[in-house]
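> Quick one: this structure, given as structure tokens, is what I'll be asking you about.
The values are calculated or read from the model by the stated rules, or taken from the named source; none is laboratory data. Just so it is clear, the structure is predicted and the values come from calculations on it, not from any experiment. Note that we place each Cβ from the backbone using ideal geometry, even for glycine, and neighbour counts take in every protein chain shown. Note: accessible area is taken over every heavy atom of the protein model, side chains too, but ligands, DNA and RNA are not part of it. Shrake-Rupley method; radii C 1.70, N 1.55, O 1.52, S 1.80 Å.
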Amino acid sequence: MSLLVVGLSHRSAPVSILERAALAADTQAKLLQDTLAAEPAAEGTVLATCNRIELYADVDKFHAGVAELSTLLAQHSGVGLDELTPYLYVHYEDRAVHHLFSVACGLDSMVVGEGQILGQIKDALALGQELHTAGRLLNDLFQQALRVGKRAHSETGIDRAGQSLVTFGLERLVDGADGSDVDTWAKGKKALVIGAGSMSSLAAATLARSGVSEIVIANRTLARAERLAQILNEPGGTGVAAHAVEMVAVGDELTRADVVVSCTGATGLVLTGDDVETAVQGRRTPLALLDLAMPRDIDAAAHRIPGVRLVDIESLAEASADAPMAADVDQVRGIVSDEVAAFGAAQRAAHITPTVVALRTMAADVVAGEVARLEGRLPGLDDKQRAEITQTVRRVVDKLLHAPTVRVKQLASEPGGAGYADALRTLFDLDPETVASVSRADLNDADVKNRGRV
């Protein structure tokens, strides 16, 4: 396994660097295309969230891979390589698997245990599949990461270690406000949600469950905002009144809102300090602002305006650093360690499978050839005799190959077992092209299978 991950996150870089390094959707696609065009990488995908950017690749050379992936991240993020390098981390082979599984379980999140990262991992895999940059290794890895994350949430109380970023942000807004909890504070308030992506949708749903009376959804694409509003208005829901507006109406809606949650993909500010100051002029109630975007949507200067409380990614990072760790975290770490070992064993075992298949194919060809020669020497054999002889020869070959092939699969699944495939090919003088053709066929089958699962 030659898995490499190069990235940066809230744990390695300040928010100012993360903001500048944020990748838009089209930039992510271009990054993946350039990654595969690079010599060391055979496949790749990118995991980009509001507080992490990670490039995963299957490389044939470690040092060249690190250099190439670091350069590509710098080129596409717009942050110079010299400036970016001190904040980059590198994980290779089993350590890279361990890292992604930990991320999937929420152990590496700003708020430990948050579950939204699973959706973001799913999106990362889907992007790699859509662009045909994710091959067998990354398909297997990310599919397994999703299963590990779900297992951690279902088998442990990791959810109690922290809340989703939205809930945590709202709790920070409530801290020191007029209510003892989010539900008490939110009841009857009017909310403005800017953006209609996954994070904004989660924010809208959370606000609706918390008891706000009205939610206005503003988005650059009005149709997406209308779809989100329609979902919130469905019968049997929370009873909140939701409607959509275009982005040009944000200024007016800001004057009416009690709480604003913003999470867009904009590269510049959505709300400037002047916008916020204008909105609060003459109002008697405070304005609560939650900025979950990276780079930020709301001018940081807004927190200095009287009557305004602003919580953003940077303040959430500082608050979560002091959050207590739940006892369940140790249990999740145990799950991650077990799953990393199992994944490594499965990958090593899979590595030898094409060689075993090629060996059995060669044996079958030998049997067919010898049976054909026998028919030439003994033309008087009837069909029953010929079938019995053929079956006997096949049984002999199968019995001779059974123990070695079972044992070699066991040995190959253990650490350091990669050399057994080479030994098998050498001992039986197997055609490398035959082995490669089996690998290509398996890869195509796996690609079709995995595309149907994401």
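> If I filter the range 47-79 down to residues being in a loop (DSSP other than H, G, I, E, B) and within 25 Å of ASP297 (Cβ to Cβ), which single residue comes out as most open to solvent (accessible area, probe 1.4 Å)?
GLY78
> Quick test for you: out of GLN347, GLN391, pick the one residue that is out of contact with any helix residue (DSSP H, G or I) (no Cβ under 6 Å at 6 or more places or on another chain), among the polar types (S, T, N, Q) and open to solvent by less than 60 Å² (accessible area, probe 1.4 Å).
Going through GLN347, GLN391 in turn, the sole match is GLN347.
> Checking the condition farther than 24 Å from ALA104 by Cα and either modelled with pLDDT of 95 or more or of a type in the set (S, T, N, Q) (or both), which residue from SER9, SER16 passes?
Going through SER9, SER16 in turn, just one is farther than 24 Å from ALA104 by Cα and either modelled with pLDDT of 95 or more or of a type in the set (S, T, N, Q) (or both): SER16.
> Let me ask another. I'd like the residue in the range 246-273 that is acidic (Asp, Glu) and open to solvent by less than 50 Å² (accessible area, probe 1.4 Å) and, out of all such residues, is farthest from GLY307 (Cα to Cα).
Residues of the range 246-273 that are acidic (Asp, Glu), as a first pass: 246, 252-253, 258.
Imposing the further condition that a residue be open to solvent by less than 50 Å² (accessible area, probe 1.4 Å) reduces the set to 253, 258.
Values: GLU253: 17, ASP258: 11 Å.
Filtering the range 246-273 for residues that are acidic (Asp, Glu) and open to solvent by less than 50 Å² (accessible area, probe 1.4 Å), the one farthest from GLY307 (Cα to Cα) comes out as GLU253.
> Among (1) at pLDDT 95 or above; (2) of a type outside the set (Gly, Ala, Ser); (3) in contact with a Leu (Cβ under 9 Å, 6 or more places away or on another chain); (4) open to solvent by 30 Å² or more (accessible area, probe 1.4 Å), there is one condition PRO86 misses while meeting the rest; what is its number?
Condition (3) is where PRO86 drops out.
> Could you list, ordered by first residue, the pairs with Cβ atoms under 6 Å in which the first is in the range 309-338 and farther than 15 Å from CYS50 by Cβ and part of a loop (DSSP other than H, G, I, E, B) and the second is modelled with pLDDT under 80 and open to solvent by 30 Å² or more (accessible area, probe 1.4 Å), at least 6 apart or interchain?
From residues that are farther than 15 Å from CYS50 by Cβ and part of a loop (DSSP other than H, G, I, E, B), the pairs are ALA326/ARG160.
> Residue by residue through the range 121-137, note down the ones that are more than 7 Å from THR45 (Cα to Cα) and outside any helix (DSSP H, G or I).
Within the range 121-137, LEU131, HIS132, GLY135 qualify.
> Just name the residue that is modelled with the lowest pLDDT out of those in the range 25-46 that are open to solvent by 80 Å² or more (accessible area, probe 1.4 Å) and of a type outside the set (A, V, I, L, M, F, W, C).
The qualifying residue modelled with the lowest pLDDT is GLU39.
> Looking only at residues that are of a type in the set (Val, Ile, Thr) and out of contact with any Cys (no Cβ under 7 Å at 6 or more places or on another chain) in the range 336-360, which one is farthest from ASP431 (Cα to Cα)?
VAL340
> Here is a check on your reading of the model: is LEU8 under 27 Å from LYS61 (Cβ atoms) and assigned to a strand (DSSP E or B)?
yes
> Restricting attention to the range 385-396, does a residue exist that is at pLDDT below 80 and either in contact with a Ser or Thr (Cβ under 8 Å, 6 or more places away or on another chain) or farther than 25 Å from GLU93 by Cα (or both)?
Within the range 385-396 (the criterion being at pLDDT below 80 and either in contact with a Ser or Thr (Cβ under 8 Å, 6 or more places away or on another chain) or farther than 25 Å from GLU93 by Cα (or both)), the answer is no, since none of the residues qualifies.
> A further question follows. Could you check, for the range 129-138, whether at least one of its residues is open to solvent by 20 Å² or more (accessible area, probe 1.4 Å) and closer than 27 Å to GLU318 by Cβ?
No.
> Is at least one residue of the range 104-121 closer than 24 Å to ALA64 by Cα and open to solvent by 10 Å² or more (accessible area, probe 1.4 Å)?
No.
> Inspect the range 340-352 for any residue being at pLDDT below 85, more than 28 Å from the chain's Cα centre (by Cα) and either in a loop (DSSP other than H, G, I, E, B) or closer than 24 Å to TYR420 by Cα (or both) and give the result as yes or no.
no
> Here's a follow-up. Suppose we filter the range 226-251 for residues that are without any contact (Cβ under 8 Å) to a residue 24 or more places away in the chain and acidic (Asp, Glu); how many remain?
Adding up the residues that qualify gives 2.
> Name the single residue that is nearest to ALA41 (Cα to Cα) among those in the range 80-120 being assigned to a helix (DSSP H, G or I), of a type in the set (A, V, I, L, M, F, W, C) and touching a residue at least 60 places away in the same chain (Cβ under 8 Å).
Applying the filter and picking the extreme gives ALA96.
> Please determine, by comparing only the residues of the range 156-172 that are part of a helix (DSSP H, G or I) and more than 15 Å from GLU318 (Cβ to Cβ), which one is modelled with the lowest pLDDT.
Residue satisfying both the conditions and the ranking: ALA161.
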